[in-house]
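Beneath this line is the structure, given in C-alpha cells, with notes to follow.
Derivation of every value follows stated rules applied to the coordinates shown; laboratory data play no part. Computed from a predicted structure; not experimentally measured. Glycine also receives a Cβ, built like all others from the backbone with ideal geometry; neighbour counts cover every protein chain displayed.
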C-alpha cells in the first residue's frame, strides 16, 4: 500500500507541472540569478531523490530487459548518425573554401522580414518576450528525460527503455535525413562571418568545386553552355596542392574534410570542432529535437502541458529565425518532418495499452465457454475463465529477482551517465 501511495505523488502533482517548473526555474538565471543559484540545485536534489526512491519500487524491470537490446541498438545507430552528420557538416563548410563564405550573400528570407516588421508593430514588452531565451536545446532533452523516468512513477506506460528507444531511433533517422538534405545542395549561411571566425579550412575551393562550380557560378552564359554540352569545359586555374595528413586508415577523410596544417593531428580532433557548421543546414537540428520531444510528450502524457510545450516549440522556432541561426524554411521543414517521423515509428513503442487488446482477444476466444457456464450456473467455471482473461493481459515474469536487480542497477547508472554527458555537451544551447 505504501508503494501504491508513493506512486500517486507525481501523477497527482503532474510530471507536466514539474517540467514547466524546471523551465521557469532555469529561466531565473536571466532575471534573478541569485534565486536561480539556490533554487536550481534544490530542484535537482528533490527530483533525483524522488526518482531514485521510485526506481527502488519499480515493478516492471522484466519489460525493461526485453527492451534493452532495441535501446542499445538505437543508441549505437544515433552515434553513427551523428558521426555521418558531423563529417557532412565539415564537408559543406570546407568544400568551397573560406573565400566563398566571405562573398556568398544570405538567401532572402520572408520569415525574417516578417519578424522584423512585427518588431515595429508589437509592444516592446511583447517583442522582448519573443526574443527571450526561454528554452534551448538542453531544456528539451531534460524534459524528455523527465518523461522517460516518469515511467517509474506510473505516469506513462512501461517500458521506459522502449519509449527511449523510439525517441533515440527517430532522432537518428531524422539526423540522417537532415545530413542527406543539406549535403546534397550547399546553401549560404544566414551569418556570413561564421566560417571565417570558426574554421581554418583553405580559402580556395576543393578540386571538385574548381572544376564543376567556380568557373560557371557567376556567368549566366557559361551556365547556358554547360547545359548544352553537359560537360565541364573551362580549364581549371592554378591552385595550391591539397594538404593530406597521415591519418592511417582514415586518410580517405582528408579529401572530404580538407584539414589545415595547424588543425590537429587526427581526424577526430578535427570533427570535435565542427560544431553546428556555418552553412545553412536544412533542416534545423535544434527544431527536430524540440518537435520530437513535444510529440513524445503529447502521445505519452498529453494534458494542458502539451499545449504549453508546443507554444515553447513555436517560440524556439521564431527565435532561431530571428537570430539568423536558420532560415524560415529550415524550421518549417523540421516541424513537419519531426511530426511525420514520430508517427512512423510507433511500432517501437506506443502509448496504447496492448494488455487490453490481449484481454479482448482472450475474451473472444472463451466467449462460448463463458456463455455456456452462465447458462449452467457454474460459478467456479466462470471464475476460472475470468482469471484466464486477466492472466492473458499480463506480462509473464520469467526472470530471477537477482537478474532484475543487476539489470536495473546497470540501466540506472548507464542512463544517468548518458544524461549528465548530454546535458554537459548541450548547456550552450
Take 141, 270, 227, 79 and order them by how many other Cβ atoms sit within 10 Å, fewest up front.
227, 79, 141, 270
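Quote to one decimal, in nm, the extra length available between residue 45 and residue 256 on full extension: 0.36 nm per residue of separation minus the C-alpha distance between them.
Numbers: separation 211, 0.36 × 211 = 75.96 nm, distance 4.61 nm.
That pair, residue 45 and residue 256, stretches by 71.4 nm at full extension.
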Would you kindly state how much longer the chain becomes between residue 177 and residue 120 on full extension, computed as 0.36 nm times their sequence separation minus their alpha carbon distance, in nm to one decimal?
16.8 nm
Rounded to 0.05, the calculated FRET efficiency for the beta carbons of residue 110 and residue 249 at R₀ = 60 Å is 0.80
Take residue 235 and residue 32, extend 7 Å from each Cα along the Cα→Cβ direction, and tell me the distance between the two endpoints in nm.
7.4
Binned Cα-Cα distance frequencies in segment 167-218 - 10 Å width, integer %:
18, 34, 34, 12, 1
How do 150, 350, 265, 290 line up, fewest other C-beta atoms within 10 Å first?
265, 350, 150, 290
